Amino acid sequence: MTATKTVPLTDRAAWKGLAANAEQIRGKHMRELFQSDPGRGERLTLEAEGLFLDYSKNRVTDETLKLLIALAEESGLKARTEAMFTGEKINITENRAVLHTALRAPKDATIVVDGENVVPAVHEVLDKMAGFADKIRSGEWKGHTGKRIKNVVNIGIGGSDLGPVMAYEALKHYSQRDLTFRFVSNVDGTDFAEAVVDLDPEETLFLVASKTFTTQETMTNAHTARDWSLAKLGDEKAVAKHFVAISTNAKEVAKFGIDTANMFGFWDWVGGRYSMDSAIGLSTMIAIGPKNFGEMLAGFHAMDVHFRTAPIEKNMPALLGLLTVWYTEFFDAQTQAVLPYEQYLKRFPAYLQQLTMESNGKHVTLDGATVNYQTGAIYWGEPGTNGQHSFYQLIHQGTRLIPCDFIAFIKSLNPLGRHHDMLLANVFAQAEALAFGKTAEQVKAEGTPDWLVPHRVFEGNRPSNVILVDELTPAVLGKLVALYEHAVFTQGVVWDIDSFDQWGVELGKVLATKILGELESKDEPKLAHDSSTTNLINRYRSGK
Ligand code: F6P
């Protein structure tokens, strides 16, 4: 697929309508919106696949929502969605299909890429992963010296790490507790050293996860892991029992010395940041078992079907994506906070950072024209209630507008006394405080001295979504991840950018390779950098 000319975003009728609408909304407080429309809190909600979204506490009117939906229509959201789901090469700069949705398609689905139905191959890999995961879980797979594998260490970075760590943490409740899982990503030797400090190589399996199998950090860590293993196990043959590869690059896997029989494959139409449900999820499957993994995939698929089929006004990912566009473009919002009130989701914001920012941090349209609007919001967050005692002050009383997504569950996986009621009371309270605040009159009426009143006023009018779900299960995790994947897609369609490439990571990689040679050179290197970089290199060389 090549870029098709679309009407520039800022020339679209709905954009102009939204710009005018924003001027009206700017002067309106959410207090007014709620007072004049008592049904708002029930009306501006949506239920999809067991996820309940309350989006009533946003700075929007029915007119805004209508215009946002029109903007999605004018941007061709439905056609672009079909193009993605049917394997068109919508990642135009890499000439690739974008088919993470095929990874969770049921066995009998047909999705054709380059004349071939990819679904059977997806299920073949899933079956192979299940066979392997069962052998590790049952203890049937033995290490080189005959000991049972007790530790699984995933080595990968970016999409080959963030998804696996996040899913492991999110689904720990469902994991096999006599297995230890560790994740090594950073090229900083401390990451590896600390991950294995208390592990026995005889009982340790490494999953080397890398789509390309050329990523410097991962390959360095994988070689270090090999040395660490062989230092105790002695024999090269041990690699076959202690290393498996997850990659699209069989040639490089073989070069590393891993038998390709111990390789779990995927395809170039799976982006790194969209790969946690491919073979990259092997650590997740070993942790929670093939059945739970299957349920997670079914959750992803359910949200895929919802996104593909629901009309935009009832489409949860589309609405979430459009609301972020609204604040980014018309309210100067630069960031989007994601605040899970669920300890198991502690790595979810970190996972979303790559998904959202590597996808939509782009400055040119599909045609290569420089955009004259903002793209890619900065996603960040921490689990509640911890964030409340740290950065919420700025969200409540600072000068920036920070839309928040609160994620909470009705049932706790660890019900303990009053903990869960307290946790949920806090989510609801935060969303309420952000929206409605506290006026100077209210503060005064509490007996606050005049000079202190301004400090204690909460302006309110700060937007948030609340996503409320029954309980965190593997299927729900799949739905939540797919929800954000498709919200990001929706934003990318409106912004008319390629959400599936990542050229912005290249320059730093190239320069680092060059500088590495200069840092390691025995002879005084001839440096041809700017004065700052040269000075830093020299300082390091003389100090190391
Ligand atoms: O540098 C960015 C990136 O290419 C990500 O997109 C990707 O998830 C990560 O590196 C790791 O890549 P690989 O799985 O090929 O090692």
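Any read-out appearing in this document is the output of simple, stated calculations on the displayed coordinates, not a laboratory observation. Note that the structure is predicted; figures quoted are calculated from it, not measured. Here the Cβ positions follow ideal geometry from the backbone for every residue, glycine too, while neighbour counts run over all protein chains shown.
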Bounding extents of the chain in its principal axis frame from Cα atoms, largest first in Å, are 76, 62, 59
Full extension between residue 255 and residue 223 adds, at 0.36 nm per residue less the Cα distance, a length in nm of 10.3 nm
If each part is reduced to its alpha-carbon centroid, the stretch 148-197 and the stretch 423-472 end up apart, in Å, by 39 Å
With Cα coordinates, the longest principal axis of the chain makes an angle with the long axis of helix 119-138, in degrees rounded to 10, of 70 degrees
So residue 456 and residue 32, fully extended at 0.36 nm per residue minus their Cα-Cα distance, gain in nm 150.5 nm
Packing-ranked peptide list from 78-89, 493-504, highest mean Cβ count within 10 angstrom first, is 493-504, 78-89
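Taking other Cβ within 10 Å of each residue's Cβ, how do 276, 316 sort, fewest first?
Fewest to most other Cβ atoms nearby, the residues stand as 316, 276.
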Pairs over 22 Å Cα to Cα, from 142/211; 314/479; 291/346; 172/411; 150/237; 150/346, come to 142/211; 291/346; 150/346
In nanometres, the difference between 0.36 nm per residue of separation and the alpha-carbon distance of residue 188 and residue 503 is 111.0 nm
Nearest-0.05 FRET efficiency for residue 142 and residue 177 at R0 = 25 Å, using Cβ-Cβ distance, is 0.80
